[in-house]
1. Using every alpha carbon pair in region 119-246, what percent of pairs falls into each 5 Å bin from 0 up to the bin containing the largest distance?
2. How far is helix 149-161 tilted off the main Cα axis of the chain, in degrees rounded to 10, range 0 to 90?
3. If you place +1 on the Cβ of every Lys and Arg and -1 on the Cβ of every Asp and Glu, how big does the dipole about the Cα centre of the chain come out, in debye to the nearest 20?
4. Would you kindly calculate the mean projected area, averaged across all directions, of the convex hull enclosing the Cα atoms of the chain, in square nanometres?
5. Taking amide H positions as placed 1.01 Å from N in the peptide plane, with prolines and chain starts having none, which residues 5 or more places from residue 172, or on another chain, fall under 5 Å of its amide H?
6. On the protein heavy atoms, probe 1.4 angstrom, tell me the percent of accessible surface of the chain carried by carbon and sulfur.
7. Starting from the Cα of residue 53, step 7 Å along the direction of its Cβ; do the same at residue 179; then give the gap between the two resulting points in nm.
8. If you take every DSSP beta bridge fully contained in the chain, what fraction is antiparallel? Give it as a percent rounded to 5.
Amino acid sequence: MIDVLRTENLGIAFGGLRAVDGVSLSAKANGITTVIGPNGAGKTTLFNLISGALMPGQGQVYLGGQDVTRFGPADLQRAGLARSFQITNLFFEMTVRENLRLAAQRLEPTRQMLRPPRKTDRAAQKVAALIDRFELGPKAHAQVGALSHGEQRRLEIAMCLASEPKVLMLDEPTQGMSHSDTEDTARMIRGLTEDVSVLLIEHDIGLVMEISDHVMVMHQGQNLAEGTPAEVRANTAVQAAYFGQE
Ligand SMILES: Nc1ncnc2c1ncn2[C@@H]1O[C@H](COP(=O)(O)OP(=O)(O)O)[C@@H](O)[C@H]1O
Ligand SMILES: [Mg+2]
């Protein structure tokens, strides 16, 4: 598998704490790469460094071979990196369709605005496809504020995909979900890899082992191990540092 996103020796310290300490990670094209590790291991901080929310103290980030290390969040988005920012990104008083329509707006090239709508309305087609894929059809005209927690989180992932990114970053997308919502969401994430490469943080180990192509274990800011789910599970250092605590 080709690496679509790569970090090299990436790091940041908060005061004396090396929250991310020289992490090199490769995310596979059209696969699911999952970062796991105990609370406080540095997973979210790693995502903040990759997505431009934090500037690294050391190391590099490459997206499709391009050095994007000093890019801010907006430039990274333009380069094809999308990150879900929890449901606070949604417009609660608008409908599901209206939310998606806004997110897909950037697909509409300004120069084509005067052409016949059926030929040019890529955004509308994208919205319809996302509603379908995320099984939001029955809720398309519902106000987002009236959706269940699981539906809102699903919509949030759909919103990230509306701009057709290369890489989608999801930080604990199933947090707070019921068991059945978690299973539905896992299945949907798995189905996304035809179009996008997924970089995931997930705490449900069973789910991680089931849907990931590549797993990286973080421990105290460092990359403790990476490999296939089976390789990671068999790693004795990982068992001692991580699975041993469960
Ligand atoms: N902005 C910040 N300022 C200071 N310390 C931080 C900041 N963000 C995270 N940390 C610390 O860095 C460590 C890693 O945090 P985090 O990346 O959130 O871990 P995880 O997502 O793996 O649970 C923790 O000890 C946390 O308290
Ligand atoms: Mg976290």
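1. Bins of 5 Å from zero give 2, 9, 19, 20, 17, 13, 8, 6, 4, 2, 0, 0 percent of pairs.
2. Orientation of helix 149-161: about 80 degrees from the principal axis.
3. With Lys and Arg at +1 and Asp and Glu at -1, about 980 debye.
4. Reported value for the Cα convex hull: 14.2 nm².
5. 201, 202
6. 50 percent
7. For the pair residue 53/residue 179, the computed spacing is 3.1 nm.
8. Once the DSSP bridges in the chain are tallied, antiparallel ones form about 55 percent.
The values are calculated or read from the model by the stated rules, or taken from the named source; none is laboratory data. These numbers come from a predicted model, not from an experiment. For neighbour counting, all protein chains shown are included, and Cβ atoms are generated from backbone atoms with ideal geometry for every residue, glycine included. These accessible areas exclude ligands, DNA and RNA; they are computed on the full protein's heavy atoms, side chains included. Shrake-Rupley method; radii C 1.70, N 1.55, O 1.52, S 1.80 Å.
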